[in-house]
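Okay, structure first, notes after.
The values are calculated or read from the model by the stated rules, or taken from the named source; none is laboratory data. Predicted, not measured: the structure shown is a model, and the values here were computed from it. Note that we place each Cβ from the backbone using ideal geometry, even for glycine, and neighbour counts take in every protein chain shown. Just the protein is used for accessible areas: all its heavy atoms, side chains included, with ligands, DNA and RNA removed. Shrake-Rupley method; radii C 1.70, N 1.55, O 1.52, S 1.80 Å.
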Protein chains: 2
Amino acid sequence: MQLLDLVGRRWTLRILWELRDASLSFRALRERCDDLSPSVLNARLAELRDAGLVELGDEGYALSAEGRALGQHLLPLDAWARRWAARRR
Amino acid sequence: MQLLDLVGRRWTLRILWELRDASLSFRALRERCDDLSPSVLNARLAELRDAGLVELGDEGYALSAEGRALGQHLLPLDAWARRWAARRR
DNA sequence: GGTTGCGCTACGAAAACAGTAGCGATAGGA
DNA sequence: TCCTATCGCTACTGTTTTCGTAGCGCAACC
């Protein structure tokens, strides 16, 4: 799947995840992502904006309609991940 | 989510994806993944085995029961990804 | 004994990422 | 008007990760 080319890179999924239920400014987003380098954050945001999944509005960065749709499909994955994480400690 | 630490790295999702419906030998898996370096493949496989998602059997590498469960949750994501990829060309 | 395929390692070169400082723009208050 | 604060973002150096390639040790087969 071509989604892997986009999402199979460091920070990409994390950024989508952090934006899942709120708009965040560049700096706030950076803090949420363990203070990753602004250069990398900017590169990922450019890719995600280019892919039409994220957009920059008045209230900062937010998921687009498509980004939210993708986020919805991530939720069951998260539910599974939580059970998996709990199981393997 | 902690799954991101594992899956949010290059090749990890791709490897799971290639194993989704068949066992593959180390070398066959390597070919499917655009001939990625064996060192990286080995590192990812070690992580995935450590996470209990992949195991090495007589027929090569294959998803474990948990790995298959995760794969199931990837299918709707793939369906969405296909539509998304078609939409944005 | 030679060939074939297996999982895997070693190592130098290239690319990605981290860490930190700071720019230009905008807005608000003294 | 100047100071301060915050915004998105760039620049630059050093470390870490990944790539690319060669090849090892092992087993099976002829």
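Our coupling estimate for the range B:17-22, obtained by passing each phi through the Karplus curve with A = 6.51, B = -1.76, C = 1.60 and θ = phi - 60°, is 5, 5, 8, 4, 9, 6 Hz, Gly and Pro reported as x.
In this simple spin-label model, placing a label point 7 Å from the Cα along the Cα-to-Cβ direction at both residue A:28 and residue A:75 gives a separation of 2.1 nm.
About the centre of its Cα atoms, chain B shows a dipole size close to 680 debye [charges on the beta carbon of Lys, Arg (+1) and Asp, Glu (-1) only; nearest 20 debye].
Convex hull of alpha carbon positions in the range B:3-87: directionally averaged projected area 5.7 nm². With the full set of protein chains in place, find how many percent of the accessible area of chain A is carbon and sulfur; take the probe as 1.4 Å. It is 44 percent, rounded to a whole number.
Between identical copies, the spacing of residue B:52 label points, each set 7 Å from Cα toward the C-beta atom, reads 4.1 nm from nearest to farthest. Placing R0 at 22 angstrom, the Cβ-Cβ distance between residue B:82 and residue A:83 gives a FRET efficiency of 0.20 after rounding to 0.05. For the range B:67-89, a decrease in accessible area of 40 Å² or greater in the assembled protein chains relative to the isolated chain, with a 1.4 Å probe, applies to B:73, B:77, B:80, B:84, B:88. Ranking A:79, A:69, A:41 by how far each Cα lies toward the positive end of the dipole of chain A (charges on Cβ) leaves A:79 at the top. Separation of the range A:8-25 and the range B:4-31, taken as the distance between their Cα centroids, equals 23 angstrom. Averaged over its residues, the protein assembly as shown has an accessible area of 55 Å² per residue, based on protein heavy atoms and a 1.4 Å probe. Contact-buried residues of the range B:7-40, at a threshold of 10 Å² lost accessible area versus the chain by itself: B:7, B:8, B:9, B:10, B:13, B:14, B:17 (1.4 Å probe; DNA, RNA and ligands ignored). What the phi angles of the range A:31-41 give under the Karplus curve with 6.51, -1.76 and 1.60, with θ = phi - 60°, is a coupling list of 4, 4, 9, 6, 6, 5, 4, x, 5, 5, 4 Hz, glycine and proline written as x. Mean residue ellipticity, 222 nm, helices only, chain A: the sum of -39500 (n - 2.57) across DSSP H runs of n ≥ 4, divided by residue count and rounded to 500, is -18500 deg cm²/dmol. Here the Karplus curve 6.51 cos²θ - 1.76 cosθ + 1.60, taken at θ = phi - 60°, turns the phi angles of the range A:8-13 into couplings of x, 9, 4, 6, 4, 5 Hz, with x standing for Gly and Pro. Taking amide H as placed 1.01 Å from N in the peptide plane, the amide H of residue B:61 sits under 5 Å from that of B:24, B:25, B:26, each at least 5 places away or on another chain.
Modelled spin labels at residue A:56 and residue B:5, positioned 7 Å past Cα toward Cβ, are 3.2 nm from each other. Buried area at the A:B interface is about 2800 square angstrom, summed over both chains, from accessible surfaces computed with a 1.4 angstrom probe.
For the peptides A:32-39, B:24-31, residues were scored by their other Cβ atoms within 10 Å and the scores averaged per peptide; the highest-first order is B:24-31, A:32-39. Between residue B:65 and residue A:21, what FRET efficiency comes out of the Förster formula 1/(1 + (r/R0)^6) with R0 = 30 Å and r the beta carbon distance, rounded to 0.05? The computed FRET efficiency comes out at 0.40.
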